[in-house]
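One structure is given here, and the rest of the page talks about it.
The values are calculated or read from the model by the stated rules, or taken from the named source; none is laboratory data. Computed from a prediction, not measured in an experiment: that's the story for all the values here. Backbone-built Cβ (ideal geometry, glycine too); neighbour counts: all protein chains shown. Keep in mind that these areas ignore ligands, DNA and RNA; they rest on the heavy atoms of the full protein, side chains included. Shrake-Rupley method; radii C 1.70, N 1.55, O 1.52, S 1.80 Å.
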Amino acid sequence: MFEDLYNAFANFKRNKTRTLLSLLGIIIGVASVIIITALGKSTSDSVRSSFGSTGLDVISITNNGPKHIRARLLSYDETFRSELLALQDVQNVFYINKFPGTITRNNVSVNMDVLCVEYRYLDAYGYKLQYGTDFTVSDHVLGSQKMILGSKVAEALFPEGNPVGKRVILSRDSVLFGFDVIGVLATPPGISESISTTIMVPRGFYIKKMDPKPDAEQVQIKAADMGLVAKVESDITALVEQKTGAENVVWIESPLSIIEQINEAYSTISVMLSAIAGISLLVGGIGIMNIMIVTVTERRKEIGIRKALGATPQDIRNQFLIESAAITLTGGSIGILLGIAISAVIVYARNLPFTIQWQACVIAFGFSVFVGIFFGLNPALRAAKLDPVDALASD
C-alpha cells in the first residue's frame, strides 16, 4: 500500500498540469465549505456577543402598534403583574415608563429619554455600577428624586470625573426637578453599550410627580433560568391571548430568542451554500474519473507488465484507487488550509471573531476522500479487468 502511495505521488510529479487540474475541483469545493461555515459561525458569534452577556433571560412585552389600541384590550396593571408572577418559572416582573427630558448641569444640557425603572431592575439585567449605589426600596416607595447615569452622559455633564453626590436639573414640559446623582453605570460590551447613554430614575418618582395611574410602556419579565426563556415566552403568549381574546396584540421577545432566530437563519443559509459547494466536489470527482480513465489508457503496458509478473486484479485495482484517493487527500488538505487562510483574512477584515467549524473541516475532508474513491472506482476496475496479453500488445 505504501509503495502504491509513493508511486502515486511520483506519477503526480511527472504529470503536474494534469494533477493540478484534478486537484482544482476538490480544493475549491473543500475551501468553499470551510469559508462558508467559518463565516457563518463567526457572524453568529458576533451577533451573540453584540447582545452582551446581560439580560439574555429577560423577556420584553412591548406594544404591537399604537399604545391606546393595546390599552383597550390589555392593561399593564397590578392584576396583570400578579398573573405573570403566577406563571411557572417567572422570577420577577418589571414595569417601565419613559419620557423625553432635558438634563442640565451648569451650562451643559443633554436631551434624552429618561427611563423610569423599578426596584432590582439593574440586578435583573446584570448591570454593574462604575460609581455609587443602586436605587433602594424607599427610593421607589417615596418617589425619590435620585438619578443613575450612563457613562457617556456622566462624562458629558461631569467631565471632571465622579458625579456621585452632585445635582442636576431635569426639565420636562418646562417643569423643573432637582435630582441627586447616586450612580454611574459601567458599560458592558456589545449592543448593551447603549446603556452608556441611559438616564434612569425610580418609577415611583414618575408615579408620584407625573402620572399617578400610569400605564406602563413596557413589561419585562425575568425567567428563573436562561434555559427556560422559550417556555416562559410561550406561557406569556398564551396568557395574553387568553386575556385579550386576540393574537399579536403585543410583541413578546427576548434577546435570547432573537439570537436563536438569527442563528437559525445563518444555519439555513450556511447549509444551502455548503450544498452548492458540495456540487463542486462532485464536479471535481467527475474530473478525477475522466483523468484516471486517461491514465489507465496511457499505462496499459505498465498494467500488462505488472500482471505478467504476478500482480492480481485486486493489486491493480488498489493501485489506481490509491492514486485517486491520493489526489483527493492532497486536494482536501490544501482546500482546508486555503479555506482557513481565506476565512481568517475575511473575518479580520470585517472585525469578526475568528471561529473555525472543525466538524465542517472533517466532513468536507471525508467527503472529498469519498468522492475520490467513488469516482476512481470505475477506472480502477477497468484497469483490473485488462487482459495482460492485450495490454502488452498495446502501443
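The table that follows gives values for the structure above.
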| item | result |
| --- | --- |
| From Gln319, Gln314, residue being surrounded by fewer than 22 Cβ atoms within 10 Å (Cβ to Cβ) and either at pLDDT 75 or above or farther than 27 Å from Leu228 by Cα (or both) | Gln314 |
| Of all residues in region 155-181 being among the aliphatic types (A, V, I, L, M) and touching a residue at least 60 places away in the same chain (Cβ under 8 Å), the one that is surrounded by the fewest Cβ atoms within 10 Å (Cβ to Cβ) | Ile169 |
| Tally of residues being assigned to a helix (DSSP H, G or I) and farther than 16 Å from Ile373 by Cβ across region 291-314 | 13 |
| Per-region count, region 130-141, residues touching a residue at least 24 places away in the same chain (Cβ under 8 Å), closer than 16 Å to Asp180 by Cα and not aromatic (Phe, Trp, Tyr) | 5 |
| Count of residues meeting criterion [farther than 19 Å from Lys208 by Cα and touching a Gly at 6+ places or on another chain (Cβ under 8 Å)] in region 131-161 | 5 |
| Which listed residue is at pLDDT below 85, under 28 Å from Pro214 (Cα atoms) and touching a strand residue (DSSP E or B) at 6+ places or on another chain (Cβ under 9 Å), from Leu87, Leu74 | Leu74 |
| Positions within region 33-57 being farther than 30 Å from Ala341 by Cβ, at pLDDT 75 or above and open to solvent by 20 Å² or more (accessible area, probe 1.4 Å), in sequence order | Asp57 |
| Selection from region 186-243 of residues that are touching a residue at least 40 places away in the same chain (Cβ under 8 Å) and farther than 30 Å from Lys146 by Cα | Asp225, Met226, Leu228, Val229, Lys231, Val232, Glu233, Asp235, Ile236, Leu239, Val240, Lys243 |
| Enumerated strands (runs of 3 or more DSSP E) restricted to region 132-237, each holding at least 3 residues that are at pLDDT 90 or above and over 40 Å from the mean Cα position of the chain (by Cα) | 167-172, 175-185 |
| Within region 216-231, considering residues that are among the β-branched types (Val, Ile, Thr) and closer than 23 Å to Asn97 by Cβ, the one surrounded by the most Cβ atoms within 10 Å (Cβ to Cβ) | Ile221 |
| Unique match (being at positive phi, open to solvent by less than 30 Å² (accessible area, probe 1.4 Å) and of a type outside the set (A, V, I, L, M, F, W, C)) among Gly143, Gly101 | Gly143 |
| For Asp123: the one exception among (1) part of a helix (DSSP H, G or I); (2) touching a helix residue (DSSP H, G or I) at 6+ places or on another chain (Cβ under 9 Å) | (2) |
| Test: residue in region 58-81 that is among the polar types (S, T, N, Q), assigned to a helix (DSSP H, G or I), open to solvent by 70 Å² or more (accessible area, probe 1.4 Å) and without any contact (Cβ under 8 Å) to a residue 24 or more places away in the chain | yes |
| Enumeration of residues in region 267-317 that are under 29 Å from Cys361 (Cα atoms) and among the hydroxyl-bearing types (Ser, Thr, Tyr) | Ser267, Thr268, Ser270, Ser274, Ser280 |
| Residue within region 380-393 that is charged (D, E, K, R), assigned to a helix (DSSP H, G or I), modelled with pLDDT under 80 and more than 24 Å from Ile26 (Cβ to Cβ) present | yes |
| Complete set of residues in region 103-130 that are of a type in the set (Val, Ile, Thr) and more than 23 Å from Leu142 (Cα to Cα) | Thr104, Val108, Val110 |
